[in-house]
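The structure under discussion appears below in the form of structure tokens.
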């Protein structure tokens, strides 16, 4: 039971991170390599607001979300907007990696190198379920991820903004001709992605500890989850995240700890090669032909 | 035609050989002449003074500077002033190797203190050996640095091997029956696991479990579960602080921490370990040099070690102000005094004679870091296994001096 809950909790965080990567990918066709750093800033800033400004959790989280929204907008303005047509150049790879490194180094100077003990939700309360000790924090990780996923789906499917996102994802040029300000839509997607990153950071930080390197290990797994499920696809992000969480937990039981990631990534490669519903559904190799219904 | 070319080539090689041999013997004569009455003794001090390992390099430098200041105020070594040339390798092996070549070729250093980190030390060690430069390693701990391949290298801090021997010895002597070994899969962890296994073998004990994990992994529950499944009564941790703390938390979750004792190597120690590990930190111990740990009920170290601590505090301030470890400063300080003592005892700066003194007469050296270094012709590991003591992690006085268990 404990293994299943741990797999689902870890998988939910991978899913949230994959969702945030997908939100940006769906409208820009680029992968935000600075995303791990944005998550870290969400966690570090909320930690400092909780510990030093003595704020309550909700206020600290709201401010951390705000900080991340501003940071994501700055990343977009500085590292993406000026590059022009993103489907025809790959300079964004360097600018976004660069942005990530700058953010990490700044965080190291601001917050120091020592990992911090980030508080669990509900003070780390543990409840017994079927003889296993399950942390309420883990259950919250799953619930929060599911709620964010559902809310995002409703926004995408039922609102004008969602329709605009789908239009930009499907035919960026045509949507521009129809009066949709695609730059604004992309900017808002960056902001949403930053907000989701702040929440992911606060949920994962009690487990990884809050530090400027906290996403070095899990960041790559978010990309793996996004690829397994299908980049730019909300449901795919959740399928990819939960699958990766389960694969890791099973690998933990059958191979020595150091080989867990190798097994996970081997399975990721097989999935990407064998299942066209993964990476190919997002048309990574057929840029500009996204299926808007799959956002 | 071909024969003529071959003859000419042979003549050139012969002439060059004679020329270099001549130069070399002239240099050797000069070196011998200068070595008994040196005008100046140049020591290279190299380590990470910036970057994430900066506290190590700064601690070493503070120790070196303090010792050199005192030595020069008191007449130097063999009447010669001591000059220190500092280099910051930032824990980068490439930089370290380049700096070491520069120190030897351009700055003409005769002795080296450092590097502080193991990988840079490994990268630059060969050049020092080729040039017969005695290097004292006050901080780097990788087992491989001290070997017959590096005959001019001497280490002061307890190496990984010494630490592994110490924690295994403690576990065996305290009559634990089922010992689990825990290490990550990095080079450091693999080295640690291997030296712990060797130490276990020497005691005729088989580990109940060998548990490995990827460093910096977020979920340590499987590590804790494997320790629990093995029914271990003690776990020997070769883990860095944050990972160790995560495993302790995971052990609490799988409900096994109360049945377990943990003894970790010095890498486990970090300032906020107890905060990260939570209540389970109560069950965690580490090892520390006995001379730099407080005896039960005492507030001061014994004799010369307390004097040294006071000297560090008066020169560089309290722990919070200086950030560096007082015992590491003492180790850097010892490195320079060790060279002074060996050079004066040998009566020359000749590296082979100084090396021989370090190998044979070390018991006469008055250290401020250990009771007595253990160098011999067979081993250049200075730290004696018996001088490592078990202490409860986080139980410190003055934010840096461990308290020995009752």
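The values are calculated or read from the model by the stated rules, or taken from the named source; none is laboratory data. Just so it is clear, the structure is predicted and the values come from calculations on it, not from any experiment. Note that we place each Cβ from the backbone using ideal geometry, even for glycine, and neighbour counts take in every protein chain shown.
Go through (1) assigned to a loop (DSSP other than H, G, I, E, B); (2) in contact with a strand residue (DSSP E or B) (Cβ under 9 Å, 6 or more places away or on another chain); (3) surrounded by fewer than 20 Cβ atoms within 10 Å (Cβ to Cβ) and name the single condition residue B:172 misses.
For residue B:172, the exception is condition (1).
In the list B:294, B:339, which residue meets the criterion of being under 30 Å from residue B:41 (Cα atoms) and in contact (Cβ under 8 Å) with a residue 60 or more places away in the chain?
On inspection, the qualifying residue turns out to be B:339.
Look at the stretch B:387-401 and say how many of its residues are under 19 Å from the mean Cα position of the chain (by Cα) and either farther than 30 Å from residue B:276 by Cα or part of a strand (DSSP E or B) (or both).
4
How about the stretch A:174-203: which of its residues are under 12 Å from residue A:161 (Cβ atoms), touching a residue at least 12 places away in the same chain (Cβ under 8 Å) and more than 18 Å from the chain's Cα centre (by Cα)?
Within the stretch A:174-203, A:180, A:185 qualify.
Looking for whichever is in contact (Cβ under 8 Å) with a residue 60 or more places away in the chain and not in a loop (DSSP other than H, G, I, E, B) here; the options are B:183, B:166. Which one fits?
Just one listed residue meets the conditions, B:166.
Out of the stretch A:228-261, which residues are outside any helix (DSSP H, G or I) and either in contact (Cβ under 8 Å) with a residue 60 or more places away in the chain or closer than 20 Å to residue A:21 by Cβ (or both)?
Passing the criteria: A:230, A:231, A:232, A:233.
Here are A:30, A:127, A:75, A:67: which of them is in contact with a strand residue (DSSP E or B) (Cβ under 9 Å, 6 or more places away or on another chain) and farther than 27 Å from residue B:270 by Cβ?
A:127
When you go through (1) outside any helix (DSSP H, G or I); (2) within 13 Å of chain B (Cβ to nearest Cβ); (3) under 12 Å from the mean Cα position of the chain (by Cα) one by one for residue A:220, which number turns out not to apply?
Condition (1) is where residue A:220 drops out.
Among the residues of the stretch B:273-305, how many are within 14 Å of chain A (Cβ to nearest Cβ) and under 23 Å from the mean Cα position of the chain (by Cα)?
Residues that pass the stated criteria total 1.
Within the stretch A:1-58, count every residue that is out of contact with any helix residue (DSSP H, G or I) (no Cβ under 8 Å at 6 or more places or on another chain) and closer than 18 Å to residue A:249 by Cα.
Count: 1.
With the structure loaded, tell me whether residue B:190 is part of a helix (DSSP H, G or I), within 14 Å of chain A (Cβ to nearest Cβ) and either at positive phi or modelled with pLDDT under 95 (or both) or whether it fails that test.
Yes, satisfied.
Of (1) within 13 Å of another protein chain (Cβ to nearest Cβ); (2) within 18 Å of residue A:256 (Cβ to Cβ); (3) crowded, with 24+ Cβ neighbours inside 10 Å; (4) in contact (Cβ under 8 Å) with a residue 40 or more places away in the chain, residue B:246 satisfies all except one. Which?
The single condition residue B:246 does not satisfy is (4).
Quick one: residue A:138 ticks every box in (1) surrounded by 14 or more Cβ atoms within 10 Å (Cβ to Cβ); (2) within 12 Å of another protein chain (Cβ to nearest Cβ); (3) in contact with a strand residue (DSSP E or B) (Cβ under 9 Å, 6 or more places away or on another chain); (4) farther than 27 Å from residue B:271 by Cβ except a single one, so which number is it?
Status for residue A:138: all satisfied but (3).
Would you be able to say whether some residue in the stretch A:81-91 is closer than 25 Å to residue A:217 by Cα and either crowded, with 23+ Cβ neighbours inside 10 Å or touching a residue at least 40 places away in the same chain (Cβ under 8 Å) (or both)?
Among the residues of the stretch A:81-91, not one is closer than 25 Å to residue A:217 by Cα and either crowded, with 23+ Cβ neighbours inside 10 Å or touching a residue at least 40 places away in the same chain (Cβ under 8 Å) (or both), which makes the answer no.
In the set B:321, B:353, which member is in a helix (DSSP H, G or I), in contact with a helix residue (DSSP H, G or I) (Cβ under 7 Å, 6 or more places away or on another chain) and free of Cβ contacts under 8 Å to residues at least 24 places away in the same chain?
None of the others qualify; the one that does is B:353.
Answer yes or no: is there a residue in the stretch A:141-160 that is touching a residue at least 60 places away in the same chain (Cβ under 8 Å), within 23 Å of residue B:276 (Cβ to Cβ) and assigned to a helix (DSSP H, G or I).
Yes.
Being under 15 Å from residue A:37 (Cα atoms), touching a residue at least 60 places away in the same chain (Cβ under 8 Å) and over 19 Å from the mean Cα position of the chain (by Cα) is true for just one of A:111, A:97. Which residue is that?
Being under 15 Å from residue A:37 (Cα atoms), touching a residue at least 60 places away in the same chain (Cβ under 8 Å) and over 19 Å from the mean Cα position of the chain (by Cα) holds for just one of A:111, A:97, which is A:111.
For residues in the stretch A:121-134 being on the phi < 0 side of the Ramachandran plot and more than 10 Å from chain B (Cβ to nearest Cβ), which is modelled with the highest pLDDT?
Ranking the candidates gives A:121 first.
Taking the stretch B:230-240 on its own, how many of its residues are within 12 Å of another protein chain (Cβ to nearest Cβ) and farther than 18 Å from residue A:258 by Cα?
Residues in the stretch B:230-240 being within 12 Å of another protein chain (Cβ to nearest Cβ) and farther than 18 Å from residue A:258 by Cα: 0 in total.
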